[in-house]
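This report concerns only the one structure given below.
What follows is calculated from the coordinates using simple rules that are stated; it is not laboratory data. Note that the coordinates shown come from a computational prediction; the quantities given were computed from them, not determined experimentally. Note that we place each Cβ from the backbone using ideal geometry, even for glycine, and neighbour counts take in every protein chain shown.
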Amino acid sequence: MTGRRTTAPTSLVYLLGSPGVGKRTVAESLSRLTGAIVLDNHRINLPIMSLFDWDGSERLPTEVWGYVDTIRSAVLDALAEIAPRDASYVLTNALEVGYEAWFDRIEGIARTRGSVFVPVLLECELEEQLRRVGSEDRVVRLKLSDPEQAREFIAGTQFFRPTGPHALVLDTTRRGPDETAALIAEHVSGLAP
């Protein structure tokens, strides 16, 4: 799996999981390992969240998400229509049940691009996840950073779990991002025709 292809097929890896499981850090490790381009979900959210100077601890107005969806849709349109066909991508998201249409759309984009589609669910023990949520790195990035809000969100949310022959589930509790990325890259390599 390489970002810019020579003869190998491209891939579209979709990293899923609740806040603090390590989606962005694993995506960055996977990018360094394979050359895949990272489309981190929070970068899509950031233009709207920046309007509120969000510190990751206050609740955002629910109307925010409609605007975020507009931006996400434009990014996916660009991925489908103008993004280099010889590039591989890693996308991240805390996809909730009820929003499977985003998953289906991304899977369809991979198919249209002729890319191997690999959904990966990242999991983590809750207390470790909450410790990560409170990190200064998340505050700086304007991400959810209040452990108690995260606990409430995780407990009250049903997250989408991908299935199918290409799906992979990995626990990041005691596994670092480089090791996790290597397992994903190995899995993708095994799926390439």
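Structure remark: mean-square fluctuation, Gaussian network model of the chain, C-alpha springs under 10 Å; the largest value among 12, 46, 121 belongs to 46. About the centre of its Cα atoms, the range 11-191 shows a dipole size close to 400 debye [charges on the beta carbon of Lys, Arg (+1) and Asp, Glu (-1) only; nearest 20 debye].
Considering helices alone, the calculated mean residue ellipticity of the chain at 222 nm is -14500 deg cm²/dmol, with DSSP H runs of length four and up weighted by -39500 (n - 2.57) and normalised per residue. When 168, 95 are sorted by how many other C-beta atoms sit within 10 angstrom of their C-beta, beginning with the fewest, the order is 168, 95. Based on C-alpha pairs under 8 angstrom that are at least 6 apart in sequence, the range 1-158 has a relative contact order of 40 percent. Positive-end ranking of 66, 87, 19 along the dipole of the range 11-191, with charges on Cβ about the Cα centre, is headed by 87. Each part reduced to its alpha carbon centroid, the range 98-112 and the range 29-63 end up 19 Å apart. Annotation: Cα Rg of the chain relative to the compact-globule expectation 2.2 N^0.38 Å equals 0.99.
Ranked by how many other Cβ atoms sit within 10 Å of their own Cβ, fewest first, the residues 170, 142 fall in the order 142, 170. Label-to-label distance for residue 183 and residue 101 is 3.3 nm, based on points extended 7 Å past Cα in the beta-carbon direction.
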